[in-house]
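The values are calculated or read from the model by the stated rules, or taken from the named source; none is laboratory data. Because the structure is predicted, anything quoted here is derived from the model rather than measured. Here the Cβ is made from the backbone with ideal geometry for all residues, glycine too, and neighbour counts use every protein chain on show. Side chains are part of the model used for accessible areas, which takes the heavy atoms of the whole protein and leaves out ligands, DNA and RNA. Shrake-Rupley method; radii C 1.70, N 1.55, O 1.52, S 1.80 Å.
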Amino acid sequence: LAGFGNLMQDVLWCFSQVKGTIDVGVTEADIISTVEFNHTGELLATGDKGGRVVIFQREQESKHQPHRRGEYNVYSTFQSHEPEFDYLKSLEIEEKINKIRWLPQQNAAYFLLSTNDKTVKLWKVSERDKRPEGYNLKDEDGRLRDPSMITMLRVPVLRPMDLMVEATPRRVFANAHTYHINSISVNSDYETYMSADDLRINLWNFEITNQSFNIVDIKPANMEELTEVITAAEFHPHHCNTFVYSSSKGTIRLCDMRTSALCDHHAKFFEEPEDPSNRSFFSEIISSISDVKFSHSGRYIMTRDYLTVKVWDLNMENRPIETYQVHDYLRSKLCSLYENDCIFDKFECVWNGSDSVIMTGSYNNFFRMFDRNTKRDVTLEASRENSKPRAILKPRKVCVGGKRRKDEISVDSLDFSKKILHTAWHPSENIIAVAATNNLYIFQDKVN
């Protein structure tokens, strides 16, 4: 991604759209709840509140239409989860997809994990372009034939057919979580994965659905003594024994599964001392970490709380090495954000392929990018009004009080119902996916 720095100097991170807007509806069920590229970036999966998974595939570059380079089109759509009801607890279980995680491709088929609040499913997505014909015991309509009428044996043959993409559930991992699952993460050994809820983290083997190992349990003996919950968890990208999880207290714990079967005692504990001058009624709420991500190199951890993104070095536990203000202009609005529950929104954050740029979402359909090398940042907007295919995105600025310039937007006119919580970055190219409510925007860097 060496050319990205030069691109920034010329056009200040202007992104042009790959495929306008992919609109997936207008109802509550159509609100996108997770976005994830696969390991090659050829596929992009989204999950929504209606329990559906939509997979987009990148088109191959065409000599006749070079301007359509990298366009993503719908590849497969399937219903992953259905609404359920727990009769023992009189509890409705939403079908909403909380997370999707891809497995590395081993053969012609693709595999992905999807989860709602209680159940994780392993899906196989495969293509079929041939069908068998010439059965001995069945007729062409699939009905069983009378054996007494069969006078000769036929050799079944495969005939070409229109390409069909099939999604089939291969494993269902259920009944292991009392609380809502907030994270799933595939281990680097590709044999196991973990699922985390508010108080526990479980380790699963892909081949075993009826048993999991509890590796973290922070539930107190008396629930009235509960002071924090688990908010996110992820495996190290290279070391299969190491994982990290964050808490609502703004702390991060690095655990090593080689030390003991139950990782209640962390190997490292990351926490930034609180500045007494910034102490307020909302301090505990805004310090809660909503997302934690290892860098691709495995050297750093990135965390997102309500106002900032922080980068931590695994070798330094007492403070982050980098802190980026996402929307510091909202600090004076915390009271109203608390009243409308926006202060509890859980924003995600992502690295680019080389760990040099960070992206995260904000309100008013804004999303932010931070260059770790140049320390430059930019605010861009994902919206239908200013985003046409092949258009250049212009940087946006928010002003606080005083005179407002023509190209600025006042902090008082921000729309807090439009929020970008979920984003994804192509693993090797400058292509990003941004979920804005029920719309999916895909952008790529400017192509000269």
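Its Cα centre serving as origin, the chain has a Cβ charge dipole (Lys and Arg +1, Asp and Glu -1) of approximately 1340 debye. Counting Lys and Arg as +1 and Asp and Glu as -1 over every other residue whose Cβ lies under 9 Å from the Cβ of M161, the net charge comes to +2. For region 258-407, with all protein chains in place and a probe radius of 1.4 Å, 49% of the accessible heavy-atom surface sits on carbon or sulfur. Taking other residues whose beta carbon is less than 14 angstrom from the beta carbon of D256, and scoring Lys, Arg as +1 and Asp, Glu as -1, yields +2. Taking a cut-off of 16 Å between Cα atoms, list the aspartates and glutamates near K268, but don't count ones fewer than 8 places away on the same chain. Excluding near neighbours in sequence, the set is E234, D256, D313, E317. For region 30-134, the Kirkwood hydrodynamic radius comes to 15.4 Å, computed from all pairs of different C-alpha atoms. With percent of Cα pairs over 43 Å apart as the read-out, I listed (1) 18; (2) 6; (3) 33; which label goes with the value calculated from this structure? Step by step, percent of Cα pairs over 43 Å apart for this structure corresponds to label (1). The charge dipole of region 30-134, taken about the Cα centre with unit charges on the Cβ atoms of Lys, Arg (+1) and Asp, Glu (-1), comes to about 340 debye, rounded to the nearest 20. In terms of accessible area, using a 1.4 Å probe and ignoring ligands and nucleic acids, E61, E228, E429 rank largest first as E61, E429, E228.
Think of it as helices only: each DSSP H run of n ≥ 4 in the chain is worth -39500 (n - 2.57), and spread over all residues that comes to -1000 deg cm²/dmol at 222 nm. Of the chymotrypsin sites (Phe, Trp or Tyr not before Pro) found in region 365-448, those that fall in a DSSP loop while having at most 16 other beta-carbon atoms within 10 Å are F416. Other residues within the sphere of radius under 9 Å centred on the Cβ of G51, judged by their own Cβ, net out at -1 (K and R +1, D and E -1).
Can you pull the Kirkwood radius for region 203-272, inverse mean 1/r over Cα pairs, to one decimal in Å? By the Kirkwood definition, the hydrodynamic radius is 13.4 Å.
Working from label points 7 Å from Cα in the Cα-to-Cβ sense, the K124 to T40 distance is 1.9 nm. The mean accessible area for residues of the chain, using a 1.4 Å probe and ignoring ligands and nucleic acids, is 51 Å² per residue. For the pair R390 and A109, the difference between a 0.36 nm per residue extended length and the Cα-Cα distance amounts to 97.9 nm. Over all orientations, region 378-448 has a Cα convex hull whose mean projected area works out to 6.0 square nanometres. Ligands, DNA and RNA excluded, the heavy atoms of M149 present near 130 Å² of accessible surface to a 1.4 Å solvent probe.
Taking the DSSP bridge list for region 30-134 and keeping only pairs wholly inside it, about 100 percent are antiparallel. Ranked by the mean number of other Cβ atoms within 10 Å per residue, highest first, peptides 81-90, 311-320 order as 311-320, 81-90. With R₀ fixed at 25 Å, the C-beta to C-beta distance from L137 to M161 puts the FRET efficiency at about 0.70.
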